[in-house]
Every structure is written in structure tokens, then in C-alpha cells.
Amino acid sequence: MRILVVGLSRFSVPTGLCRYTDALCRALASVKGMEVAVAVGSWQEHYFRDLFKTHLHSHLIPIRTGQDFLSRNAWYTVNLPGLRRALDADLVHFAYPVPFLRNLGCPTVVTVHDLYQFEVPGNFKLAAANRSFFRSAVRRCNAVICVSQTTMDRLKAFCPEVATKKGILTQIYTPVATPEMSAGQKPLEDLKSGQFILTVGQHRQNKNLDLLQRAFAKLRAAGSIASGWRLVIVGSEDQKTQELRALTHELGLSSAVRYLSLISDSDLAWLYYNAALAAFPSSHEGFCLPLVEALSSGLRVVCSNISTLKEVGGGECTYFDLEPSPVNSLADAISQAMSRPAAAPNADRPYSFPVAANQLLQVYHSLVYNESSEQASFHGRFEKKEEVGSL
């Protein structure tokens, strides 16, 4: 089966959506008989190739179009059908919802990660347009995959028509592989093992990175953590970056906070394995891939008690309330977590590549061959390839 994954987005640096695109392709390309191509913007090629190494398992296709909103969205309608025909793809899987107006001549699948367009409109310059495009995408696609049960529940609440349309609506967890350090990996900057708190997330409103900085400052002032400790914020810059950096200066944390982006998986692995604790204080999440990576690395984790993070983190995290005193609650949760030993890495989670591949194949076969789920499950057996074919 030939699959075309569409991962074209505006981001010049990697984000969670970009990492999901690579993870999706890795899961699919590891299945015997599956050939995977992935379309990304030419401005994205460098990190898909140099950081993710996507070209080692899938056919990486850089799309040369404008990076702006109108050019990207025009490409989906004007150029995507021709690319699908040229590759003779059996199915197109959109890594996230995008508008496309023309029939592609094959089944289409879209992954829904979150409902930020409805819940956190401040994340978007054109929130109303994004909501319209989102609804169009989930209505037109033959199958909609949600990355968590919480996301699927939200989708049904905000777009109830999706639950009643003909097609497939299902939940498949994001496949997650714990980043691995390369041989000779060196410490990052001036960071010392066990003496920094880590968070991974784009500089967006819902990530509450300002809250984390305030809690970190409170712990330093109280002497609960030593002055030599660091707060490491890994993630691409976005609309909140300027405010976050201003807050760092205001709190007197300029020498203590490290902003990192565009780092390799090896560097990220070093951070996971050497941090004292990871914190995710988000108010809204669709899945939170870094949370799973942190837990898989055996790291203590503190996160807000929102439904998604509780679904994904289970009983292995220390949770805190976002109301009524989030700074105090987060600082207390960090102190509590630090007083307990870290949990041993647990590989028995539903986020593995084989599990995701099997579930994806059931959806694909049901669409391409019009099979029942019972028939599709036979074809969806996970078999590791000896070689990855190319399109």
C-alpha cells in the first residue's frame, strides 16, 4: 500500500505537529509492504532531514511553494491532487487538519490533535478562519483519528456533526519513541546533571510557561532549590516568546533560564535523562508527546490536572490545580515530586509504534479495500521491514 502523508506547515523550526508527522511515517514505514511518502515545505526539509532523519525511513518530498497562509492553502487544492496521482498513492493522510477543496481520487484521513481553534483562539492570528478550515477538513475526510480520548470527546462537543457523518471516527495514541543519546553526547551549555527543571513545548498561551517561571522563582527565593539550578525551556518561538523573555528578566532569572530550540534528538535525550524533573503546566493539551517521552526516560513529572494529561500520565505524575493559586500549587507539587524517587521507566504503554501501526492499518484497509474491521485486523499485523521501500 502506498501512503502519502501531508505534513506541510508554516513552521521553520520543529513543533509537536512536525514531530508527530515523522512519528506517523516511522510507524507506517516499519510495516512490511507499506511505502510512505511525506510532503513538507521546502523550509521544513532541513529539520525533517537533519534532526528527525525522516528520509531514512520514508520518501521525503520538499514542496516549493510560498510559506505564507494563502500559498500553503492554495497548494492543497491546486497541487496536491497532481502529487497524489504522480505517486499513485492509495490513500492520503493529513498529519493535521487542512483545507482541501478538490477530490483527491482516493480515501483521505486526518489526525486531530486538539481543539485549540475553539478553546485557545489566542493561539491563532485568524482563529475564525482556522475553525472554518478545521470543520471543512474533518467533514471531507473519510476517517478522523484523534490522538487521545479527551481530544475525541472535545471534537464531538465542538463539531457534533462529525460523530454522525458516514465514515470512521476513532482514537489512536501518538506513537512515541524515547529519544536516544548518540555516542559521545556532551552536556548542553552549563547544565549539570540533576540540577535543572525541564519543560518542552511551543511558546504558546496554553503552555503556561509564565506560570512555570514564577513557580521556579518562588522555589529559588524560598531556598527550596539552589541558586545554581536552571530552568530549561525547549520549544519553538511563537506569539508568547517576547512576553516570556521579558518575564525572565523581570523575575531576575536571566542567568537561570535557558531557552533552547532546534535541538537534535540526542540533545533532547540528554535533557530527559539528566533533568531533575519535567513540568508541564498546560491549561489545554491534545496529547503532550513530551510528557510520554519524559516518563519513558524515567523522569519525575509534574503537570496540571487537566483531563488530557491525567489520561496520558496516569498515576505516574504529580498533579497540581490551576485554580485558585496556580503558582503556589505548582511550586508545592515540584517540591513534593522532588522528595520522592523517580519511577522506573515503563515500556508497557499504549504509545508504541507497533500498536499505532496496527490500528492505522485497520483504518486504511477499511477505506482502501472496504473491509470490515475484523478483516482489516488480519492485514494490520505489524511486521518490521528489512528494507524500507521508496516511492
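Just a few scattered comments:
- The chain: translational diffusion in µm²/s, Stokes-Einstein, Kirkwood Rh over Cα pairs, 25 °C, 0.890 mPa s: 113
- Legend: ranking of residues Leu80, Leu361, Leu247 from fewest to most surrounding C-beta atoms inside 10 Å; resulting order Leu247, Leu80, Leu361.
- Net charge dipole size for the chain [Lys, Arg +1 and Asp, Glu -1 on Cβ; Debye, nearest 20]: 620
- Rg(Cα) / (2.2 N^0.38 Å) computed for the stretch 196-338, rounded to two decimals: 0.95
- Residues Phe133, Phe196, sorted so that the one with the fewest Cβ neighbours within 10 Å comes first: Phe133, Phe196
- Close amide-amide hydrogen proximity is noted between Asn305 and Phe320, Leu322, each under 5 Å apart and 5 or more residues distant or on a separate chain (H modeled in the peptide plane; Pro and chain starts excluded).
- The packing ranking, built from the mean of other Cβ atoms within 10 Å per residue, places the peptides 184-193, 220-229, 149-158 in the order 149-158, 220-229, 184-193, highest first.
- FRET efficiency estimate (nearest 0.05) - Cβ-Cβ, Leu262 to Ala226, R0 35 angstrom: 0.75
- Each of Ile334, Pro14, Tyr116 was scored by the projection of its Cα onto the charge dipole of the chain, and the greatest displacement toward the positive side belongs to Tyr116; charges sit on the C-beta of Lys, Arg, Asp and Glu.
- Only Cα pairs under 8 Å and 6+ residues apart enter the sum, and on that basis the relative contact order of the stretch 196-338 stands at 27 percent.
- Across the stretch 61-175, counting alpha-carbon atoms alone, Rg and Dmax equal 14.3, 39 Å.
- Dipole magnitude (debye, nearest 20) for the stretch 196-338, charges at Cβ of Lys, Arg, Asp, Glu: 380
- Theoretical gain in end-to-end length, Leu101 to Arg64 [0.36 nm per residue, Cα-Cα removed]: 11.3 nm
- Theoretical FRET efficiency, 1/(1+(r/R0)^6), r = Cβ-Cβ of Ser132 and Ala86, R0 35 Å, to 0.05: 0.75
- With each label modelled as a point 7 angstrom along the Cα→C-beta vector, the Glu323-Arg49 pair spans 5.0 nm.
Since every read-out is calculated from the coordinates, none of them should be taken as a lab result. Keep in mind the model is a prediction, meaning the values are calculated, not measured. With ideal geometry, Cβ positions are generated from the backbone for all residues, glycine too; neighbour counts draw on all protein chains shown.
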